Each structure stands twice: as C-alpha cells, then as structure tokens.
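Colleague: My questions all concern the structure below.
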Amino acid sequence: MKVEKVAGIDVAAKTLALAIRAGEQTGKVRELENTASGHQAVIKALTSAGVQRVCLEATGVYHLDLALALDAAGVSLMVVNPTAAKRFAQALMTRSKSDAVDAGVLAQFAQSMPFQPWQPPAAPVLEVRACARRLAALVKARTQAKNQLHAASQTISTPEIVLADLRLSIAQCDDHIAQLRAGACALIDADAQLREVFTLLNSVKGIAAASAIQIMGEILVLPADMQAKQWVAQAGLDPRHATSGTSVNHKPHLSKAGNRYLRLALYMPALSAARHEKHVNGYYRHLIEDRGLKPIQAVCAVMRKLLHAIHAMLKARQPFNGSRFYALVETPA
C-alpha cells in the first residue's frame, strides 16, 4: 500500500521551513529562502518527493507569493488560520516552538484534518497589487534621480550631458507613473468591489487616488478574517519594547518587522491628514502637546490609528468618520 506524503511549510519573512511527512515519520526539515528562487526549490522538492498535499499558515503577505507559486505549479494547497494551527499544536501537546517544529505540526495538520483547497485572491486584486508594487518602484527610482540631480547641480564639474540625462530619467518616470496609475484606476473602476473600497479610502482627507492604489494593493490580499491589530503587525507599525532588569530600558519604537510597502503607502496620507483633517490634526497635536511625542513619532502613531480606521471602514462599509477617529475637546468660549 502506497504511503501518502504530505508537507508542512512554516513561512517567515525571509525563510521557509519545509517538513515532508510519510505515514508516522517526518523527514529532516529543510530551510530555504522566502524568495522566488526559494519557492521554485520548494516546488522541486515537493515534486521529487511525490507530496500529495501541502499545508502552510496564513501569515499576512509573507505566504502569498509562495502560495501563488504553489498554486500555479498545480500543488494541492491548504492555507490554515494561525489560530487553528496553534490549537492543533496544543492538542498535540507540542512542548517546543521553532520554525522546524511548526513545519512538522503543519505537516501533521495536512495529514489529519479535512483538506480545504486554498482559493487565491481574485485576479483584479492581484493586478492592482502588481500595479501598486511597480508604482512603488517607479516612485523610488524618481526620488533617487531627483536626489542625484540635486547633488550633481551643486558642482560646476558636472557636465550638462549628465544633468540632461537625469532630467530625462525623471521625466520618463513621471510619464510611466502617470500611465500606470491611469491603468490601475481603470482596473479598479471596472470592478464593483474594488470601486467601493477605492471610494471608501478616498473618504479620508489625505488619501487621494495615488495613495489609495498603494494601500489597496497591500491590504486586499490579506486574509479576510485578520483583525486590525494584525494589520498593524503586518505593517510593522506595532511598538517594540526593549527592557531587561534595571540596565536595559529603551523607549518603545516601531518594530518595522512587516510589510514596508504598506508603511510607505500610509506615510503621506497620515502626514496630509494630520495637517488637513481636523480630527486627525487634533489627535496629532494631542500626541505632541500632551504626551510629549516628537513629530515623527506622532506621524507614526497616526499611521497606526489610520490603519485601524481603514479596517473598521472596510468591515462596516462606511466612509471615514473623523469623530470616531478622535473626539475633539470643545474649548470654552
């Protein structure tokens, strides 16, 4: 009788732990990079071993590219909720926790639990995400070219041909950005669900079309059952504390252990809203004047709270309500 082979993959930001299980035996766990080449190595290992089913845990955006690669390769894939995986590990009375152990637990989950095939995000969502990522790259390239032009303009030794080339690079980036944003807006306008999300995001004073595209590209691929605090953790906007005994007591700072694209997408909207939306401005001033935060710290706090607000808006299908973001204190006449 042929023994069924299953696999569990524990996904981290930079690494993958692959455990293949046959019968009651789990093989040696392999560690690979969470990159496109690493994904192909995983597919090759699964194919060579004759694995029938694969299980991995939903980890925000870290698992998405791997899941898409496995799905495209025809691998039977199940993506489980982290809570379900945690409870399964508790039921097995797992005493240790590491990437290798977690991969083994996921392999046992694939072997023991009913198989529920993973459904990838809708094609329009993935298309918007691809546009958003490309736009982020183009904006970064334009900023670099502008910085180079500024530096080159400060010295008379820079020949005009170099300055002209930098200006051309900036102009080309501007053209490509404009075309890609127009294309992304057309994709959004053609889909009722995307159009609704776009409209809700635009209800925030500070989120215009460009920022809405970037934000949508990152949040719409997240699992639908994720909570707001999980969104915050995925964006790396959660505070990291560093204390130990009496000698180590650093001030909390952003973990930044998350999706940098989402952080970048939120920065300018938070900055703009803190200036032009009265409730957000009130919250921003409260952080600086009453809590003693520095301006950049206050902006980061606004980013975090804005992400909470967006989560609530999309869940309730309601536009932004400034009074729920921060209640302004009426000053006596």
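Rule-based calculations on the coordinates, nothing more; no lab input. Note that the coordinates shown come from a computational prediction; the quantities given were computed from them, not determined experimentally. Cβ sites come from the backbone with ideal geometry, for glycine too, and all protein chains shown count toward neighbours.
Colleague: How would you order 28-35, 302-309, 6-13 from highest to lowest mean count of nearby Cβ atoms within 10 Å?
Modeller: Top to bottom by mean Cβ count within 10 Å: 6-13, 302-309, 28-35.
Colleague: Run lengths n ≥ 4 of DSSP H only: what is the helix-derived mean residue ellipticity at 222 nm for the chain, with -39500 (n - 2.57) per run over all residues, to the nearest 500?
Modeller: One gets -19000 deg cm²/dmol as the mean residue ellipticity at 222 nm.
Colleague: Pairs LYS28/LYS97; LYS278/LYS305; LYS97/LYS229; LYS205/LYS278; LYS14/LYS229; LYS5/LYS28: which exceed 18 Å Cα-Cα?
Modeller: On the way: LYS28/LYS97 16 Å; LYS278/LYS305 15 Å; LYS97/LYS229 23 Å; LYS205/LYS278 10 Å; LYS14/LYS229 22 Å; LYS5/LYS28 14 Å.
Beyond 18 Å between Cα atoms: LYS97/LYS229; LYS14/LYS229.
Colleague: How big is the dipole moment of the chain about its Cα centre under a simple scheme where the beta carbon of each Lys and Arg is +1, that of each Asp and Glu is -1, and everything else is neutral? Debye, nearest 20, please.
Modeller: 680
Colleague: Which is farthest toward the positive dipole end of the chain among ASN281, TYR62, ALA45, measuring Cα position about the Cα centre, with Cβ charges +1 (Lys, Arg) and -1 (Asp, Glu)?
Modeller: The Cα lying farthest towards the positive end belongs to ASN281.
Colleague: Only bridges whose two residues both fall in the chain count here: according to DSSP, what percent of them are antiparallel, nearest 5?
Modeller: That works out to approximately 70 percent antiparallel.
Colleague: Something else: Would you mind working out the magnitude of the charge dipole of region 1-100 relative to its Cα centre, with +1 at each Lys and Arg C-beta and -1 at each Asp and Glu C-beta, to the nearest 20 Debye?
Modeller: 320
Colleague: Given (1) 19.0, 60; (2) 23.5, 86; (3) 28.8, 89 as candidate values of Rg and Dmax of the Cα atoms in Å, which corresponds to the one derived from the coordinates?
Modeller: (2)
Colleague: Let me ask you something else. Please identify, among ARG142, ARG275, ARG87, the residue showing maximal mean-square fluctuation in a Gaussian network model of the chain using a 10 angstrom Cα cutoff.
Modeller: Of the options given, ARG87 has the highest mean-square fluctuation.
Colleague: Additional query: Just to confirm my numbers, what's the Cα centroid distance between region 13-31 and region 146-176 in Å?
Modeller: Value for the Cα centre distance between the two parts: 50 Å.
Colleague: Mind pulling the angle between the C-alpha long axis of helix 192-202 and the longest principal axis of the chain? Nearest 10 degrees, somewhere in 0 to 90.
Modeller: 40
Colleague: Considering only ARG181, ARG53, ARG291, give the residue with the highest GNM mean-square fluctuation for the chain, with springs between Cα atoms whenever their separation is below 10 Å.
Modeller: Of ARG181, ARG53, ARG291, the Gaussian network model singles out ARG291 as fluctuating most.
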